[in-house]
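To keep things clear, I will list the structure first and then write my remarks on it.
The values are calculated or read from the model by the stated rules, or taken from the named source; none is laboratory data. Every value quoted in this text rests on a predicted model; they were computed, and no experiment measured them. Note that we place each Cβ from the backbone using ideal geometry, even for glycine, and neighbour counts take in every protein chain shown. The accessibility values were calculated without ligands, DNA or RNA, using every heavy atom of the protein model including side chains. Shrake-Rupley method; radii C 1.70, N 1.55, O 1.52, S 1.80 Å.
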Amino acid sequence: MRNTTSVPSGNVEGPEDGQKILEAEVRGASVKLDCREDSGNPSQEAEEEKNRTPGTAEECENAVSGSTEEADNAVSGSAEKAENTVSGSAEEADNAVSGSAEELENPDYLKLSERMRALFHLVPEGKTICDAGTDHGFLPIALVSTGRVPKALAMDLREGPLANAREHVWEAGLENAIQLRLSDGFAALKKDEAETAIVSGMGGALMQHILEDTLPDPVSMGIHYLILQPQSEVADLRRYLLDKGYRIEEEDMVFEEGKYYPMMRVYTMHPENVVMERVQTDSEDTAGHVSRRYPAEYLLYGGLLLQKADPVLLKYLSHRREILQGILQKMHAASKDSESSRKRRAETETELHILEETLRRYY
């Protein structure tokens, strides 16, 4: 490998849903987590420190004696905390290790962000990939250089990112294993050139457009798997995939630099939506259109993430609840009572209700 480079990350939005939760789609806003806490009142801390200062010699003596004892306890406690920290860190490190030793030592793998590493491990082994919107090309480079996939196609709509990817491929010495093409989505992909298609780092609506317009029938093109990481409109995308008859085979979510990133592996060959165990009976309107009804929480938050009680999803749900509660408080305090504000309030209350029920059911 010739050099290393860092990887920028994207954003993700949180969805909102109306009362017709199984018919309507979600139009959420991006959610960022601010973990900072108030550091307290400096003047109050100074006053408390002054009050803690002993006055008499006896008080000083007691303070010294007490401080010595406290110091011993602090040393003992610190040692115990240190052991627990080391143990916890080791456990976290073990949990973080999801690849082989070769992957963990590979410089192309190590330069990936946490989000990109999670995508990396969703990709099936031994199958040629096509990465649409490859940008810097780091993901296909890592997949090929670690031996997870034999070869790759890296595509982008713009010349600039494609030129960057070409330079990175050359630096990695993988010119013979990774082809680069200027392409709108998968338009430049030929039949049976790849078995796995990857789209990440863009909105769910754009992702759906790319799939529908440039890869409407992946099976006929030889594509068996889709690796998707939508930044927004996640519920809309899940509905689209399930209505197409695809199976969401695996889901993951990571939290990185204050943002949440959901992602999924989709199997295109399966004739049924077996993941959607709670799919209700299809209904048909007077025009003969079939409407499938999925559990709202599956579309909003991901059925597989809920089934395994994913800890990152729990953090997202807790934060999203705070966001919705704050929105409702502002709405109730406002004097506006227009039709649009009432509709917005009803949608927010509905999503909050779904979220609360989801937390009770799965956590």
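Some points to look at:
- Tally, over region 139-164, of residues that are in contact with an Asp or Glu (Cβ under 7 Å, 6 or more places away or on another chain) and in a helix (DSSP H, G or I): 7
- Residues located in region 142-169, provided they are in contact with a Lys or Arg (Cβ under 9 Å, 6 or more places away or on another chain), without any contact (Cβ under 8 Å) to a residue 40 or more places away in the chain and over 16 Å from THR214 (Cβ atoms): ALA142, VAL144, PRO150, LEU162
- Only one entry in LEU119, LEU174 is closer than 24 Å to VAL254 by Cα and open to solvent by less than 30 Å² (accessible area, probe 1.4 Å), namely LEU119.
- Looking across region 88-116 at every residue that is out of contact with any helix residue (DSSP H, G or I) (no Cβ under 7 Å at 6 or more places or on another chain), open to solvent by less than 30 Å² (accessible area, probe 1.4 Å) and in a helix (DSSP H, G or I), the one that is modelled with the highest pLDDT is identified as ARG115.
- The set of residues from region 206-239 being of a type in the set (Gly, Ala, Ser) and either surrounded by fewer than 24 Cβ atoms within 10 Å (Cβ to Cβ) or outside any helix (DSSP H, G or I) (or both) comprises SER220, GLY222, SER232.
- In region 103-124, the residues that are under 25 Å from ALA194 (Cα atoms) reach residues that are open to solvent by less than 20 Å² (accessible area, probe 1.4 Å) and among the charged types (D, E, K, R) with C-beta atoms within less than 7 angstrom, at least six apart or across chains, in these pairs: TYR109/GLU103.
- Region 240-249 - residue that is touching a His at 6+ places or on another chain (Cβ under 9 Å) and within 25 Å of ALA309 (Cβ to Cβ) and, of those, surrounded by the most Cβ atoms within 10 Å (Cβ to Cβ): TYR246
- Hits in region 131-171 - residues which are of a type in the set (Phe, Trp, Tyr) and either closer than 20 Å to LEU226 by Cβ or buried (at least 21 other Cβ atoms within 10 Å of the Cβ) (or both): PHE138
- Filter result for THR196 (polar (S, T, N, Q) and open to solvent by less than 20 Å² (accessible area, probe 1.4 Å)): yes
- Residue within region 174-193 that is over 24 Å from GLN208 (Cα atoms), assigned to a helix (DSSP H, G or I) and touching a residue at least 24 places away in the same chain (Cβ under 8 Å) present: no
- Residue selected from region 250-284 under the condition at pLDDT below 60 and polar (S, T, N, Q), by the criterion surrounded by the fewest Cβ atoms within 10 Å (Cβ to Cβ): THR281
- Residue that is farthest from VAL254 (Cα to Cα) [pool: residues in region 308-363 that are open to solvent by less than 60 Å² (accessible area, probe 1.4 Å), outside any helix (DSSP H, G or I) and touching a helix residue (DSSP H, G or I) at 6+ places or on another chain (Cβ under 9 Å)]: ALA334
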